[in-house]
Structures are given as structure tokens and as C-alpha cells.
1. Using a 1.4 Å probe on the protein heavy atoms only, what accessible surface does VAL130 show? Give it in Å² to the nearest 10.
2. Just the number, please: carbon plus sulfur as a percent of the accessible area of region 72-200, 1.4 Å probe, no ligands or DNA/RNA counted.
3. Determine the principal axes of the Cα atoms in region 164-217, then give the extent along each, sorted from largest to smallest and rounded to whole angstroms.
4. Sort 87-95, 65-73 by packing, meaning the average of other beta carbons within 10 Å per residue, with the highest value first.
5. What percentage of the solvent-accessible surface of region 201-240, computed with a 1.4 Å probe over protein heavy atoms, is contributed by carbon and sulfur atoms?
6. Tell me, how many Å apart are the Cα centres for region 192-236 and for region 45-123?
7. Counting every Cα pair in region 112-239, what percent are over 23 Å apart?
8. Ranking request for peptides 225-231, 195-201: highest mean number of other beta-carbon atoms within 10 Å first, then the rest in descending order.
Amino acid sequence: MSGRSQLVARLFWTSVLGGGCALWFGQPGAIGAGLAWAGVVLHHLDRPRRLRRLIRRIARPHAPTLALRRRQECFVDAYGNLISDGWERERTYFAERTVVPQLEARGRGDEIDGAWDDILVIIERVADGVQLPDESEAPEEGIAYERYCAGRLREAGWNARATQASGDQGADIVAEQAGTRLVVQCKRYGRPVGNGAVQEIAAAMRYWSADMAAVVSNAGFTPAARKLAAATGVRLLHHDALAELQPAPPVAPPPGAKRRAVRPPRSSLAER
């Protein structure tokens, strides 16, 4: 039932019940019926404000991620223009996949079309309300940026080192923790990273016999890179996420499948 239909139904039954009270109790009943009728109208007029509050409540738990995605997906092109197409797609994706389903689950689905602009504005404000770390802390030079990322991994307990520039087979960092090997490619860019980096680190994962692979960047990632990463299991991360990155739990084999032989422990990252 739409909001307008609900209002008509509530006013109808309020009038019916209120009229009965007025006939039975006289003037006090009529006054009470009038107050109830006014309360129904005011409650309906307050629906847009309550809807905006609900949208904010849905979006706020994701505020740090939204703020980071906005930073990653906005960049200045060679002509000095701010390009925010990637962020606008991300904002719409979040609205469609996170906000809309929860509104529908709460019975507010009939209000979504009329409130779409408000949804996008609220997401923007939620992202704007988060103060991210200063991006200038990350070095701009390639090798220095790789060492910076290796340091962030060590904060999370990884035994991490930057590889040599030659012979790394696409892996800028190799790290180990709790028997899990991770390979990382680092991209300090001014615009979204393409799927070439995903292809390279996926190949490096096989070369290094790694369990996890990631492309790390200060910038965002193109839709093609995200699609390929989803298909290959490569993680796409901002460097701020490295300090909390933990080894992924092993994936259990399907029933009836043969278990992969356990590899012997690897004594040192310097073997290659």
C-alpha cells in the first residue's frame, strides 16, 4: 500500500472511530477525535524526515569505506578537470545494493523513486563526514611507495619485503604470515588502475606459489580491473587497509574432492 493510500485509510478509520466517540462522549470525544485526526496528518507529513534519518542510519556504518572509495575514484585529468565518474558509479552501486534493499525490507520501497536524489545526497554527506589520513604520507616515488606498503604489512604482523626491481615477475612485495604467502603489486597513481596490474599479480601469484594476491594503490580501480579481480581472486586495496590485512582462511574442498598435498614449509623469502 502506498503512503497516500495508507494516509487515506488511517484518516477514514480515525474519522469513523472519532465520530463514534463524539456521539458517545459528546464534546470531549469530538476534541479527542480531532486531535487524533491531526496526529495522523502530522505523522504522514513527517515521513520524508523519518525516511532521510533511516537512510543515514543505513549508510553511516559504511562511512569509512565510502569516504575511501570517493577518494580513490576521483582524480584530476591532464586538463585540470575533476573526474568523478567512478565515484558517481560507486555511489549509485551502494544505493542500489545496500540502501534500497534495506528500505524495501522496512516497508519503504514505495518512497524510493521520489527520494532517489535525497539518497544520493545523504551518501555524499556521509562520505564527506569522515576525515581520512593525509594522502601525502605515502611516498610518490615507486620504490619508496613499495617500501611504504611493505611497512604497513609489517604493522599487521606480516614478514614482508620489497622484491628487486628485476625478476619480480609482477610482485613488488612478497609477505608471509602463519603459513600464508601474499604477493602484492603497488601502484602509486593519479587515476584508477587498469586490469593490466590484476593480470600481472595473478601471474605472480602462480610464480611465487602464493596463497593470496593483491593490487595496492592510492587511487581506485577501473570497472574492468574489478571484474577481472573478482574472477581471479585478486584483492584490490588501498594502502591504508594493509595495516589490518590478515591471512585468508583456507578454502575447504568440496565434498568428495581430493585434498591438495601439503606443501613443505618455506624457510625463507630469499630463496627466489
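The values are calculated or read from the model by the stated rules, or taken from the named source; none is laboratory data. Quick caveat, the model's predicted, so the values are computed rather than measured. All Cβ positions, glycine included, derive from the backbone under ideal geometry; neighbour counts span all protein chains shown. Accessible surface is based on the protein model in full, side chains and every heavy atom, while ligands, DNA and RNA are left aside. Shrake-Rupley method; radii C 1.70, N 1.55, O 1.52, S 1.80 Å.
1. VAL130 has an accessible surface of roughly 40 Å² with all protein chains in place.
2. Numbers: 3000 of 6930 Å².
Ligands and nucleic acids excluded, carbon and sulfur reach 43 percent.
3. Dimensions of region 164-217 along the principal axes of its Cα atoms: 34, 21, 18 Å.
4. Numbers: 87-95: 17.3, 65-73: 19.8.
In descending order of packing, they fall as 65-73, 87-95.
5. Working: 870 of 1510 Å².
The C+S portion of the solvent-accessible surface of region 201-240 is 58 percent.
6. Each part's Cα centre sits 27 Å from the other's.
7. Result for the distance tail: 39 percent.
8. On the way: 225-231: 16.3, 195-201: 21.6.
My ranking of the peptides, most packed first, is 195-201, 225-231.
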